[in-house]
Every structure is written in structure tokens, then in C-alpha cells.
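Here is the structure we will look at.
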Amino acid sequence: QKAKQALEVAAAGGHHTLLIGPPGSGKSMLAARLPSILPDMTLPEAIQTTTLYSLAGQLPADTPILTTRPFRAPHHTISAPALTGGGKTPTPGELSLAHNGVLFLDELPEFPKNALESLRQPLENGVVHVSRVAGAQSFPCNIIFIAAMNPCPCGYFGHPDQTCVCDAKTVRRYLNRISGPMLDRIDLHVEVAPVQFHELHGAVKRESSAQIRQRVNAARKIQQQRYRNIGISCNARLTPALVRRFCELEPAARSFLQEAFDRLGLSARGHDRILKVARTLADLQGAQNIGRAHVAQAVQLRSLDRKYWPS
């Protein structure tokens, strides 16, 4: 349930998300269901995405315009050029083919190091620059980046019931395949707990994707109205200057954020990303200002890296 709530926040604000947990906990399934709660695609977004698919030669012959948000899930053997774009004449890669949609990387530590590091600047700027002999080209890549990973090679580090067979050095080496700068660009760090028997057989009725999508659409409409004159569509695209302008904190929220900043040793980028997530949480509740509870929840969704990457 906690992971579902985090993905609702990701969909509502366009936030990058890391799901970490043992095998069989539902990380991949949750990510695959994310398109069912994504906000409706606007006409300009549909035209942009259709143009990129046409450039890449991947637009179906019977589809004049794409009206659903793309979901791209490349295998972990993909190369850096295939991920970011390439070819003799520069063409869009998986990053740009996920424009206005989702790029999902399952088993994140298994991807080549250079491929992961090539994502850092595009995730920050929403644009990927490709240079080849035939010329240079820039492609948009405003995406929701979703990644999933196990906490160790065997998958059971920190599991409440299963015993991890990895030694500390092996666990550290595995986790360190994800660099600090890469983690810093991911807004939400979510631990997906093992599924319990009573959850599979319980009679509790959960919310449908359609119900969650209604809240996501309502939050996105608030953002589209707020940013209608500055060329961005969601909270995740806020620049540092725009964060100061649109993420107004109530006094109690400011005090809480200052305490969290000092205690957790947040970077300036981490500070701004917490504010963006808090802005989305407030939008989901229809609140004009960001309250203490919004900041507290945003900090909670951001602090998992202190457990697995304490250094």
C-alpha cells in the first residue's frame, strides 16, 4: 500500500522513483501498472511524442497520433547509445521514446555503469544531447523515471524472515553500483515490503486504478493552471528559482524542513526535491500552501537511501 501511494505521488507530480525490496514483493508489477494511473495526455504532449516515434521509425502505420503515454522497459543489457540515442545519423533512444511517459529500468544495478551515468544530465534537464559524425541533435526526454532493484545479489538483505547469504562486502559492492549523484536525482526512494499471506487472501477492498487516476488528474490540472505561462507541466520540472516562487511553506513546515536538512545532511538538490514532492502532496489534497505534514511525508519518501547507502 505504501508503494502504491508513492507511485500515486510520482504520477501526480512527474517524480522519479526508486523501488527497492526482495524478490517477489511486487516491484515490477507495480511499475507495470503505473500507466493505468498516469494523467491524461494533452494534445501538445501527444504531438511531441508522436514526432519522436516518427523520427525513430517506430510509429505504427495505422496510428496517426499517439494518445497514450509511452511505457518503455528496456532490458539491462542495453547499451548507453541505445538508451540515450545514437546511430550514424542521431535518432532518439529509449529516453526520448519515453518522453511524456515512463522509462522503467528493472534490476537497476545490472545495467552497465556507463549507461546509468549517461542518464544523470537528461534526468535533470529533460533533454538529451547526441553528437555523432553526421551531426549533433537534441531530443526532449521529460519522463517519469522508475527503477526497481533488490537490496543485495541474493535479494534478502534486511528481509524480516529470509536469511541473506551475502557478506557485507558483497552487499556494499552491489549497492554501490548506483552512484550517489544518480540517487540524488531520484525524488522518491520507496522500500517495498514482502507480501504477507493475509494481504493476498484478505477481504479488504482496495482502491481501483480509476479512482487513483481521478486524484492524479485533479492534481495535474492544478499544476497546469499554476504553470500555464512558464512552459512546464508538473512539479518535478520546477527549476531552483521556480521552487522558491511556488513552494511556499507554512512556518511549521519551514522549521521541520530546516531540522531535517541539518539532521540528514541533505544536498541543495535534495532540499529542492523534497520541496517539489511536498508541493505535489499539497496539490493532491487541494492545499494552497505546503504544511508540516506534507514536508514530513516528503522527507520520509526521500530518506531510504540513508538506510541502504548510509555513507
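With only Lys, Arg, Asp and Glu charged, each at its Cβ (+1 for the first two, -1 for the last two), find how big the charge dipole of segment 1-131 is about the Cα centre; round to the nearest 20 debye.
It comes to approximately 160 debye.
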A 1.4 Å probe over the protein heavy atoms gives segment 1-49 a carbon and sulfur accessible-area percentage of 62
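What ranking of 233, 255 comes out by heavy-atom accessible area, probe 1.4 Å, highest first? Intermediate results must be reported in sequence, preceding the final value.
On the way: 233 40, 255 75 Å².
Final ranking, largest accessible area leading: 255, 233.
I need to check one value: relative contact order of the chain, counting alpha carbon pairs closer than 8 Å and at least 6 residues apart, in percent. Write out the running numbers ahead of the final one.
Numbers: 514 pairs, mean separation 71.3, N = 311.
Answer for the chain is 23 percent.
I need to check one value: relative contact order of segment 167-279, counting alpha carbon pairs closer than 8 Å and at least 6 residues apart, in percent. Present the calculation step by step, with values, prior to reporting the outcome.
Values: 35 pairs, mean separation 37.3, N = 113.
About 33 percent, as a whole number.
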For labels at residue 287 and residue 259 in the simple 7 Å Cα→Cβ model, what's the distance in nm?
1.6
Could you pull out every one of the aspartates and glutamates with an alpha carbon less than 18 Å from that of residue 221, ignoring same-chain neighbours closer than 8 positions?
8, 40, 45, 283
Which residue, 100, 229, 176, has the most motion in a Gaussian network model of the chain that connects Cα atoms within less than 10 Å?
229
Calculate the spin-label point distance for residue 252 paired with residue 58, positioning each point 7 Å from the Cα along the beta-carbon direction, and give it in nanometres.
4.7
Among the listed pairs 27/276; 113/169; 4/205; 2/276; 4/27, which are separated by more than 21 Å between their Cα atoms?
27/276
Net charge within 13 Å of residue 7 by Cβ-Cβ distance, Lys/Arg positive one each and Asp/Glu negative one each, not counting residue 7 itself?
+3
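Could you check how many percent of all C-alpha pairs in the chain are farther apart than 26 Å? Walk me through the intermediate numbers first.
Values: 22883 of 48205 pairs.
Taking all Cα-Cα pairs of the chain, the fraction more than 26 Å apart is 47 percent.
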So if R0 is 22 Å, what FRET efficiency would residue 225 and residue 67 give, r being the distance between their Cβ atoms, rounded to the nearest 0.05?
0.50
Could you give the nm distance between label points at residue 167 and residue 129, where each point is 7 Å from its Cα heading toward the beta carbon?
4.5
Considering only protein heavy atoms and a 1.4 Å probe, what is the carbon-and-sulfur percentage of the accessible area of segment 104-179?
48
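Suppose all protein chains stay in the model; what accessible area per residue would a 1.4 Å probe give for the chain, in Å²? Numbers along the way, then the final one.
Working: 15030 Å² over 311 residues.
For the chain, the per-residue accessible area is 48 Å².
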Pick out which of 159, 76, 201 has the largest mean-square fluctuation in a Gaussian network model of the chain, springs linking Cα atoms closer than 10 Å.
201
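The values are calculated or read from the model by the stated rules, or taken from the named source; none is laboratory data. Remember, it's a predicted structure, so these values are computed and weren't measured experimentally. As a convention, Cβ positions derive from the backbone with ideal geometry for all residues, glycine included, and neighbour counts pool all protein chains shown. Just the protein is used for accessible areas: all its heavy atoms, side chains included, with ligands, DNA and RNA removed. Shrake-Rupley method; radii C 1.70, N 1.55, O 1.52, S 1.80 Å.
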